[in-house]
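Colleague: Take a look at this one; I'll ask things after.
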There are 2 protein chains.
Amino acid sequence: MDKKKGHVTLPSEANFLNETKELMERWGADAIRDSDGTKLDNEIKQLDAKIYTTYFVARGHNDFAEKHMEECQQLYLMSQFNTALEETLEIDFMKGYFEEQLKPDYIHDPKKYWEVIDRTTGKVVDYHFWEINQELNRIIINKVIPWHEYTVSFLVYAIWDPTQMYNHITNNWGDKPHDIPFDVRQPYSNEYMKNLLIQWLKDNPETDVVRFTTLFYHFTLVFNNLGKEKFVDWFGYGASVSVAALEAFEQKKGYRLRPEDIVDKGYYNTSFRVPSKAFLDYMDFVQKFVAKEAKKLVDIVHESGKEAMMFLGDNWIGTEPYGQYFEEIGLDAVVGSVGGGATLRMIADIPHVRYTEGRFLPYFFPDTFYEGNNPVIEANENWLTARRAILRNPVDRIGYGGYLSLAYKFPEFVDYIETVTDEFREIYHTIKGIQPYTGLKVAILNSWGKLRTWQTHMVAHALWYKQIYSYLGVLESLSGAAVEVEFISFDDVIHHGVPEDIDVMINAGDAGTAFSGGENWMSEVLLTKIRAWVYNGGGFIGIGEPTAYHHEGRYFQLAQVLGVDKELGFSLSTDKYFTTSVDHHFISEDSKEFDFGEGMKNIFALSDETEIIEFSNGEVHLSSHDFGKGRGVYLAGLPYSAENTRLLIRAMYYAAHKEDEFYKWHVDNIQCEVHAYPEIQKMAIVNNSMQEQTTLVYDGIGNRKEVTLAPSEIRWEVYSNES
Amino acid sequence: MDKKKGHVTLPSEANFLNETKELMERWGADAIRDSDGTKLDNEIKQLDAKIYTTYFVARGHNDFAEKHMEECQQLYLMSQFNTALEETLEIDFMKGYFEEQLKPDYIHDPKKYWEVIDRTTGKVVDYHFWEINQELNRIIINKVIPWHEYTVSFLVYAIWDPTQMYNHITNNWGDKPHDIPFDVRQPYSNEYMKNLLIQWLKDNPETDVVRFTTLFYHFTLVFNNLGKEKFVDWFGYGASVSVAALEAFEQKKGYRLRPEDIVDKGYYNTSFRVPSKAFLDYMDFVQKFVAKEAKKLVDIVHESGKEAMMFLGDNWIGTEPYGQYFEEIGLDAVVGSVGGGATLRMIADIPHVRYTEGRFLPYFFPDTFYEGNNPVIEANENWLTARRAILRNPVDRIGYGGYLSLAYKFPEFVDYIETVTDEFREIYHTIKGIQPYTGLKVAILNSWGKLRTWQTHMVAHALWYKQIYSYLGVLESLSGAAVEVEFISFDDVIHHGVPEDIDVMINAGDAGTAFSGGENWMSEVLLTKIRAWVYNGGGFIGIGEPTAYHHEGRYFQLAQVLGVDKELGFSLSTDKYFTTSVDHHFISEDSKEFDFGEGMKNIFALSDETEIIEFSNGEVHLSSHDFGKGRGVYLAGLPYSAENTRLLIRAMYYAAHKEDEFYKWHVDNIQCEVHAYPEIQKMAIVNNSMQEQTTLVYDGIGNRKEVTLAPSEIRWEVYSNES
């Protein structure tokens, strides 16, 4: 095997043959892909590389779509809140929505499929009391109660594919036609989709890998009346809705969904919402359908002798790779965008595919590749965070996207990617399939469990948001840490208990969200199982507002475990004596200062049995508390950084009562990490920073030595098990 | 009338005759009082002054109390939370309580009066399943559910008066006997109390004013096992409970109270809790009883030709001066401690008494009067904040407390108080009974309304607490502002609507508290009445988490009025476009920088119709929003300061759409204020700071002029209504 070649995918474009050859050679690429806006010409397709070709299933064929506008994709939307000033209320329900994207569905009887809700009482308004003016897109409601607020939940057709819409508007594509998304649940579309693929496969013999971008239903992305993003949920099932789906759902599940089950008071069941039974049923229903239909396409691809790869994004709804129907699709590969360690693991850990591929940053677009900017910096940062995760579980391939001709103009960048691809292959060939040393097994506990593996607390995929970064840091830290990570749901614990081998459980999130758990913490089964588990030696780490549900005098339902609770203002009259932090603590031994991100207000210690590690502004931000043989650790927040990664790892070892084992395969410099692979007796000592670092390295049997690593260096060493 | 004398009460003590005479003369005192720890001797009692004598109704007579320990005062307490590890659970229910203060009541059958609660489910444990070990003060519960948490609600006798206990422990009184508080609801105590007073009045002929300190039931003050404060609630009804009271309650109200109605999950119905129906009934029941019994004592005092004055504090529970039974007591006067403007108004505004008296700070105790400290500073600060309020509505008298001999050692202090007493009398004689100019009428809206006039957001009376100072500032600012203030409850609005003459309504507090309102905001009547009122021109100011109750897609139920809501994490997927603050705004015109105290996180504007006045850290902290002809103003918090007082006043004028009237009787320097008294055509221009200030003064008809005021100066001017 040529270790200088392979496992790398190169984007290319027309009229770029020689440079493509050169970069294939330098980066060791064995696959070439097209991108949004680029096409490969025939000469490139003849190169010694697999050819990936982007394929759109349910858009980009307006010739067909325009003939079947009744098969357009649909959405349920909620109007703004409207205050009734008198007994009649007229609502401009499309107000704030983008008419180029969305069109009210008057084909299906609004009286049957729409809902007017009095949001002051939560009651549905009888449809006899309202009428629609279709010319003006208004609804006129009679006999409303003055000063109550009303919303309309209504069905629309989505007449513009959201990804194309985004690119179209962002790049000023002017009068370029709008891609109309069609719904493969509908008869003509379903037929068309299959025939189209069969024909396409015939027309594209050079394609080795069909890169589905993606399947049927786009994540929810709705624009406003000014053509700007209004609502975006990377996990959103909004665009999978249709009258046909609603009716099929009723057939399958034995009950009818209300519009409210989808619009969800305007929250649209984002992954931050504790999912309702109806929404879980609906997801299951869509996933099953998507898997069944996707399998048909994959089979067609396979029959043509090609591979089927799915891009993890865009029209990915219903394909959840950690869901229970994913295996049935039979995909060969999944490719996704790598924003850091957590997103890398989200891709690398996907089961039931032969290989995974990470598309690294930066994308070769003019927003990064412009004169005066150094794209190496972004590439280096991206690589360092991803490399931590790769050292735990590598994706099988890495690749890039965009205009290769643009990247080619930055020779330093080309040089840097050459080192990255070599380094990736070295790691891959060394550790692929090898179990790394793992000090602890950690479970992330939330409403979603396995389904949202490495996908918690995300809004628009991997973007920074004020209210999530203090939690996302947990995943990012864990993605490259020497621990095994499992995602479990409240239902898992309720039905199956805490898995035997778990050392530490983490519950992180804002009160009431799916990630903290909301009303799940009213389950006495959940509470008793976790209390028993901690008492018998488990470690429970709560971050932000863990286990929060105000009930019977407690806000944190595991306050007795954590040793802290949040003061909501009701127990101000009870003296809070415990305001002194300990001088030293195992958890904070490497912490010079603390960064809890957005932090959390008004956390207090219940008794002097709580070890307060950080106390400021009259609040606890970091603490630990013994509960039987186990421990509860509280953290106000954990944005990602080298310091916080170390803090979390220490907190986990402490919670698990395994402080002694912390020094196995350990480095004292927090900018470095060491990963050991006992099966092959090799270790990788890595410098995660862009500066030179010196560190003591502790091996697994008590030896230690000092090493100095160049910026970003990874150093492989063979070790023996004898001291 | 000698304007250099009167309206001042001097504390005195034994063997201090000549100095007392001198200070009486210099401060113009016309009354002399004893204090805790001081007694007046006969010569002093012969001076030309009214004599106030402190009188304790229900403690200080252990000779009686010891014979009737079954008539001791009682409390319901809740044990700590106890996690069941197996099917039997033993609870040391007195753990953490102070055995010198509290003794379990085994006289009355615990099976009838105690409650064991499973706090994991909220269910009461059948009393057949538990037994008490009286020797060890333990309860043994059988058939508990492992890993559920249990508490015991139990009755105790309070065997030590809390005020005496506090003084005893603080001052190391050693083996001085503990005052046993007896319950005047019990037959012997009731009889004793009356006879004692009759005898005492005979024994104290020189007393002119019986200064009740206080009546029957102390506010809740419970100490911990280390003899330190554990729970303190200045409004707490804890010590009014007894088996006799519970049985009488059942007779009167037709239903039985549960222990849980009193212990309230360990929150003990503090004034931060939205009051339950049962607790409101209980308060009413106690107030009625207290008023009836207090009236008997007052009648006895009056029959002896003396006056009855009540100290507003200590055993004041049930006497609420703004409650519906207070008038019946027939008191001549109320005296209370003045911590600033709000507490001054709390005293000065009391109805149904002939006069009120404020006891000013500092108290003449060694904690302030020690060598090297200058007590003038504290006195000056106290006076400046109180004076703002006095200029709105003066108390009838001011006074001091403690050791006069101590104060006498600080000649500068004696001089300063001489100026204060003169200044007080000047204000009093000028404006008493005169209506000051008032630009707006403001209603503070919360669960308590009138009952807690000037008493919102207080924990231990007037102390600083992290979670209240950002709200207390509102009251302190209003106490001296040229506005009329009314306190109204949600029930008032529900049953009677918003009072006609209200310009601005303020709702301030943390979510779920009695001050924000919690589930009251589920009342559609409340919501519709306020929405209609604002729409028709009212001004609504929300501070902190106003109108908060998560329901139907909104956290702030008046979000449509305020134009802002709080992001709880469920609508992160909805774009928040509105992040730009306006360049200038009427409300912030005098603000150089902002101080929102603890502030509030994650507030966002609903639309571009919200005028964002301050935006930082990705959040709105100050905004305004038109709603019909009215306005909603949002403020993240308002600690007291001259800057924030101005900000609030501007916000109120803006909310009320009366910006033009803001410049009537106005000063441009925020350290100054002007109060006008149209009936007498006088104005007081005051410097609220300890530095010289220059300001423009605007009168009521468009004239303005510049004045320079000495530190703390008050300048009286006559004005005419002609420009």
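Colleague: Of all residues in region B:351-360, how many are open to solvent by 10 Å² or more (accessible area, probe 1.4 Å) and in contact with a helix residue (DSSP H, G or I) (Cβ under 8 Å, 6 or more places away or on another chain)? Steps first, answer last, please.
Modeller: Here is the first cut: in region B:351-360, the ones open to solvent by 10 Å² or more (accessible area, probe 1.4 Å) are B:351-355, B:359.
So of that shortlist, the ones also in contact with a helix residue (DSSP H, G or I) (Cβ under 8 Å, 6 or more places away or on another chain) come out as B:351-352.
Total meeting the criteria: 2.
Colleague: A:Trp454 fails exactly one of the following numbered conditions: (1) among the hydrophobic types (A, V, I, L, M, F, W, C); (2) within 22 Å of A:Glu673 (Cα to Cα); (3) in a helix (DSSP H, G or I). What is the number of that condition?
Modeller: Among (1) among the hydrophobic types (A, V, I, L, M, F, W, C); (2) within 22 Å of A:Glu673 (Cα to Cα); (3) in a helix (DSSP H, G or I), the lone unmet condition for A:Trp454 is (3).
Colleague: Those residues that are hydroxyl-bearing (Ser, Thr, Tyr) and in contact with a helix residue (DSSP H, G or I) (Cβ under 6 Å, 6 or more places away or on another chain), I need them from region B:416-431; list them, please. Full working, then the answer.
Modeller: Step one: filter region B:416-431 for residues hydroxyl-bearing (Ser, Thr, Tyr), giving B:416, B:419, B:421, B:428, B:430.
Hits for region B:416-431 are B:Tyr416, B:Thr421.
Residues checked against (1) more than 30 Å from A:Phe627 (Cα to Cα); (2) out of contact with any strand residue (DSSP E or B) (no Cβ under 6 Å at 6 or more places or on another chain):
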| position | (1), (2) |
| --- | --- |
| B:Asp48 | yes, yes |
| B:Tyr55 | yes, no |
| B:Ala58 | yes, no |
| B:Cys72 | yes, no |
| B:Ala84 | no, yes |
| B:Glu87 | no, yes |
| B:Asp92 | no, no |
| B:Glu100 | yes, yes |
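To keep it simple, each residue is scored yes or no on (1) over 30 Å from the mean Cα position of the chain (by Cα); (2) more than 20 Å from B:Gly512 (Cβ to Cβ); (3) among the polar types (S, T, N, Q).
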| residue | (1), (2), (3) |
| --- | --- |
| B:Thr574 | yes, yes, yes |
| B:Ser581 | yes, yes, yes |
| B:His584 | yes, yes, no |
| B:Ile587 | no, yes, no |
| B:Glu598 | no, no, no |
| B:Ala605 | yes, yes, no |
| B:Ser616 | yes, yes, yes |
| B:Gly628 | yes, yes, no |
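Colleague: Still on this structure: Every residue in region A:469-491 that is among the charged types (D, E, K, R) and either part of a strand (DSSP E or B) or at positive phi (or both), please.
Modeller: Step one: filter region A:469-491 for residues among the charged types (D, E, K, R), giving A:476, A:484, A:486, A:491.
Correct list: A:Glu484, A:Glu486.
Colleague: Is there any pair linking a residue in region A:187-208 that is under 14 Å from A:Ile300 (Cα atoms) to one that is in a helix (DSSP H, G or I) and among the charged types (D, E, K, R), with Cβ under 7 Å and at least six apart or on different chains, and which?
Modeller: Final answer for the pair search is A:Lys194/A:Lys296.
Colleague: A further question follows. Name the single residue, out of those in region B:472-489 being within 21 Å of B:Ala636 (Cβ to Cβ) and open to solvent by 10 Å² or more (accessible area, probe 1.4 Å), that is nearest to the chain's Cα centre (by Cα). Break it down stepwise before answering.
Modeller: The first filter runs over region B:472-489 and keeps only residues within 21 Å of B:Ala636 (Cβ to Cβ), leaving B:472-478, B:481.
Imposing the further condition that a residue be open to solvent by 10 Å² or more (accessible area, probe 1.4 Å) reduces the set to B:472, B:476.
On the way: B:Leu472: 10, B:Glu476: 11 Å.
Here the answer is B:Leu472.
Colleague: Another question, then. Name, by its number, the condition in (1) surrounded by fewer than 15 Cβ atoms within 10 Å (Cβ to Cβ); (2) in contact (Cβ under 8 Å) with a residue 12 or more places away in the chain; (3) more than 14 Å from every other protein chain (Cβ to nearest Cβ) that does not hold for A:Leu85.
Modeller: (3)
Colleague: Considering only region B:652-665, state which residues are open to solvent by 10 Å² or more (accessible area, probe 1.4 Å) and either touching a Ser or Thr at 6+ places or on another chain (Cβ under 8 Å) or over 28 Å from B:Val561 (Cβ atoms) (or both).
Modeller: Those that are open to solvent by 10 Å² or more (accessible area, probe 1.4 Å) and either touching a Ser or Thr at 6+ places or on another chain (Cβ under 8 Å) or over 28 Å from B:Val561 (Cβ atoms) (or both): B:Tyr654, B:Trp665.
Colleague: Check off (1) aliphatic (A, V, I, L, M); (2) within 14 Å of chain B (Cβ to nearest Cβ); (3) open to solvent by 70 Å² or more (accessible area, probe 1.4 Å) for A:Val144 and give me the number that stays unchecked.
Modeller: (3)
Colleague: Let me ask another. Restricting to region A:262-316, what's the tally of residues that are within 14 Å of chain B (Cβ to nearest Cβ) and either part of a loop (DSSP other than H, G, I, E, B) or open to solvent by 20 Å² or more (accessible area, probe 1.4 Å) (or both)?
Modeller: Here is the first cut: in region A:262-316, the residues within 14 Å of chain B (Cβ to nearest Cβ) are A:262-276, A:279.
This time we only want the ones that are either part of a loop (DSSP other than H, G, I, E, B) or open to solvent by 20 Å² or more (accessible area, probe 1.4 Å) (or both), so: A:265, A:267-276.
Residues flagged as within 14 Å of chain B (Cβ to nearest Cβ) and either part of a loop (DSSP other than H, G, I, E, B) or open to solvent by 20 Å² or more (accessible area, probe 1.4 Å) (or both) within region A:262-316 amount to 11.
Colleague: From the list A:Glu371, A:Glu423, exactly one residue is assigned to a helix (DSSP H, G or I), open to solvent by 30 Å² or more (accessible area, probe 1.4 Å) and within 30 Å of A:Ser12 (Cβ to Cβ). Which is it? It would help to see each step written out before you state the result.
Modeller: Details: A:Glu371 fails: assigned to a helix (DSSP H, G or I).
The unique qualifying residue is A:Glu423.
Colleague: Could you figure out which of (1) part of a loop (DSSP other than H, G, I, E, B); (2) closer than 26 Å to B:Phe223 by Cα; (3) not β-branched (Val, Ile, Thr) isn't true of B:Trp147?
Modeller: Of the numbered conditions (1) part of a loop (DSSP other than H, G, I, E, B); (2) closer than 26 Å to B:Phe223 by Cα; (3) not β-branched (Val, Ile, Thr), the odd one out for B:Trp147 is (2).
Colleague: Now for a different question. Here is a check on your reading of the model: is A:Arg646 open to solvent by less than 60 Å² (accessible area, probe 1.4 Å), in contact (Cβ under 8 Å) with a residue 60 or more places away in the chain, charged (D, E, K, R) and in the same structural domain as A:Ser607 (by TED's automatic domain parsing)? Spell out the reasoning first.
Modeller: Details: open to solvent by less than 60 Å² (accessible area, probe 1.4 Å): yes; in contact (Cβ under 8 Å) with a residue 60 or more places away in the chain: no; charged (D, E, K, R): yes; in the same structural domain as A:Ser607 (by TED's automatic domain parsing): yes.
So A:Arg646 does not fit the description; no.
Colleague: Taking the criterion of being surrounded by fewer than 18 Cβ atoms within 10 Å (Cβ to Cβ) and more than 14 Å from chain B (Cβ to nearest Cβ), would at least one residue in region A:451-461 satisfy it?
Modeller: There is no residue in region A:451-461 that is surrounded by fewer than 18 Cβ atoms within 10 Å (Cβ to Cβ) and more than 14 Å from chain B (Cβ to nearest Cβ).
Colleague: Related question: Here are some residues: B:Val498, B:Val485. Which one is more than 10 Å from chain A (Cβ to nearest Cβ) and closer than 30 Å to B:Trp383 by Cβ? Break it down into steps so the answer makes sense when it comes.
Modeller: Values: B:Val498 fails: closer than 30 Å to B:Trp383 by Cβ.
After applying the criteria, what remains is B:Val485.
Colleague: Taking the conditions exactly as written (surrounded by fewer than 23 Cβ atoms within 10 Å (Cβ to Cβ), touching a strand residue (DSSP E or B) at 6+ places or on another chain (Cβ under 7 Å) and polar (S, T, N, Q)), does B:Thr38 satisfy them or not?
Modeller: So B:Thr38 fits the description; yes.
Colleague: Also, I was wondering about something else. Being loosely packed, with under 14 Cβ neighbours inside 10 Å, under 22 Å from B:Gly439 (Cβ atoms) and among the small types (Gly, Ala, Ser) is the filter here; which residues of region B:688-723 pass it?
Modeller: B:Gly702, B:Ser720, B:Ser723
Colleague: Right, another one. Would a scan of region B:13-23 turn up a residue that is in contact with a strand residue (DSSP E or B) (Cβ under 6 Å, 6 or more places away or on another chain) and either part of a loop (DSSP other than H, G, I, E, B) or open to solvent by 10 Å² or more (accessible area, probe 1.4 Å) (or both)?
Modeller: no
Colleague: Could you tell me whether B:Ile444 is at pLDDT 95 or above, in contact with a strand residue (DSSP E or B) (Cβ under 8 Å, 6 or more places away or on another chain) and over 30 Å from A:Thr574 (Cα atoms)?
Modeller: Numbers: at pLDDT 95 or above: yes; in contact with a strand residue (DSSP E or B) (Cβ under 8 Å, 6 or more places away or on another chain): yes; over 30 Å from A:Thr574 (Cα atoms): no.
No, not satisfied.
Colleague: Still on this model: If a residue has to be within 14 Å of chain A (Cβ to nearest Cβ) and touching a helix residue (DSSP H, G or I) at 6+ places or on another chain (Cβ under 6 Å) to count, how many in region B:88-120 make the cut?
Modeller: So the answer is 2.
The values are calculated or read from the model by the stated rules, or taken from the named source; none is laboratory data. These figures come from a predicted structure and were not determined experimentally. Every residue, glycine as well, gets a Cβ built from its backbone with ideal geometry; the counts of neighbours run over all protein chains shown. Accessible surface is based on the protein model in full, side chains and every heavy atom, while ligands, DNA and RNA are left aside. Shrake-Rupley method; radii C 1.70, N 1.55, O 1.52, S 1.80 Å.
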